[in-house]
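Student: Take this structure first; my questions come after.
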Amino acid sequence: MSLPSHVRLIEVGPRDGLQNEAQPISVEDKVQLVDALAAAGLGYIEVGSFVSPKWVPQMAGSAEVFARIQRKPGVVYGALAPNLRGFEDALAAGVKEVAVFAAASQAFSQRNINCSISESLERFVPIMDAAKQHGISVRGYVSCVLGCPYEGEVAPEQVAMVARELHDMGCYEVSLGDTIGTGTAGATRRMFEVVGAQVPREKLAGHFHDTYGQALANVYASLLEGIAVFDSSIAGLGGCPYAKGASGNVATEDVLYLLNGLGIHTGIDMDRLIDAGRQICNVLGRPSGSRVAKARNAS
């Protein structure tokens, strides 16, 4: 299979990247990050999450962030809305696209959202109905597709079942996430072969963490399987609060460097992207998790 000529990157840094930070991050800094990412040419930015502040304190100001960002034409500003209350809050904030998430692992589902996979999918039915009524697009996430911190290996057939349910329910795209970053290129290709037999590959996306240093290899393996959408996080920020030892998402800068080297078009400006990463890392008081940014900043 030939490589895609164009790849769409879903920037999850402002949500998935910042949600686990211990220190408070101001609305102003979040707004600045989102606007900088849009200016760099990213066409989809996951801005925040409409969940209980009790569970994810960093996302408490998501509505205010949406109110203050400079919405650029052609850019999708999405948000996580795991339940109907969250969807209603997102709708009130002017969000045009939301995401829901399920797990491919029963144990992870129980520990993460206190219910079985089938129960979690049932919870999405009223969200899908409301989204259809209001003309809101819904994107689906499946976590632990290449391994679970509690169960170990996860069968590709299990991933396919959950992905198909989300697709049949009305998710226009389903992102398959290696939450703990244990996946390898071979396992990634096998997973997409199995899932791709049940959900069209043009409806699938990859979401890789770099815990074992395999994220870019897994992105390339996914490209070989015809996958043309990837989630990534500026400066490699983020991780999963429920997955012990899981490091950050693959860095957007590093994925862009890979794609540029393959001659794959994204429309993203590397210099502006690195600047956006530098700004948020200065706020957080830490070095970038992007190898490309480290190399460029050192030169």
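Student: How about the stretch 187-297: which helices (runs of 4 or more DSSP H) wholly inside it have at least 1 residues that are within 19 Å of Pro14 (Cα to Cα)?
Tutor: Helices (runs of 4 or more DSSP H) meeting the threshold: 252-261, 270-284.
Student: Would you call Val194 open to solvent by 10 Å² or more (accessible area, probe 1.4 Å) and either modelled with pLDDT under 95 or of a type in the set (A, V, I, L, M) (or both)?
Tutor: So Val194 fits the description; yes.
Student: Still on this structure, please answer the following. Can you confirm whether Val65 is touching a Gly at 6+ places or on another chain (Cβ under 7 Å) and over 30 Å from Gly152 (Cα atoms)?
Tutor: yes
Student: Could you list, in sequence order, the residues of the stretch 213-270 that are at pLDDT below 95 and open to solvent by 40 Å² or more (accessible area, probe 1.4 Å)?
Tutor: Gly213, Pro241, Tyr242, Lys244, Gly245, Ser247
Student: Sort out which residues of the stretch 155-180 are assigned to a loop (DSSP other than H, G, I, E, B) and at pLDDT 95 or above, and write them in order of number.
Tutor: Selection gives Ala155, Gly170, Cys171, Tyr172.
Student: Hey, another quick one. Does at least one position in the stretch 33-52 carry a residue that is at pLDDT below 95, over 21 Å from Phe208 (Cβ atoms) and either assigned to a loop (DSSP other than H, G, I, E, B) or open to solvent by less than 10 Å² (accessible area, probe 1.4 Å) (or both)? Please lay out each step first, then the result.
Tutor: Taking the stretch 33-52 first, the residues at pLDDT below 95 are 51-52.
Checking the rest, the ones that are also over 21 Å from Phe208 (Cβ atoms) come to 51-52.
Then drop every residue that is not either assigned to a loop (DSSP other than H, G, I, E, B) or open to solvent by less than 10 Å² (accessible area, probe 1.4 Å) (or both), which leaves 51-52.
Yes, because at least one residue in the stretch 33-52 is at pLDDT below 95, over 21 Å from Phe208 (Cβ atoms) and either assigned to a loop (DSSP other than H, G, I, E, B) or open to solvent by less than 10 Å² (accessible area, probe 1.4 Å) (or both).
Student: Report, by residue number, each residue of the stretch 180-221 that is over 20 Å from Met161 (Cβ atoms) and either touching a Cys at 6+ places or on another chain (Cβ under 6 Å) or hydroxyl-bearing (Ser, Thr, Tyr) (or both).
Tutor: Listed by number, the residues that qualify are Thr182, Thr184, Thr211, Tyr212, Tyr220.
The values are calculated or read from the model by the stated rules, or taken from the named source; none is laboratory data. The shown structure was predicted, so the numbers you read here are calculated from the model rather than taken from an experiment. Glycine also receives a Cβ, built like all others from the backbone with ideal geometry; neighbour counts cover every protein chain displayed. Heavy atoms of the whole protein, side chains included, go into the accessibility calculation; ligands, DNA and RNA do not. Shrake-Rupley method; radii C 1.70, N 1.55, O 1.52, S 1.80 Å.
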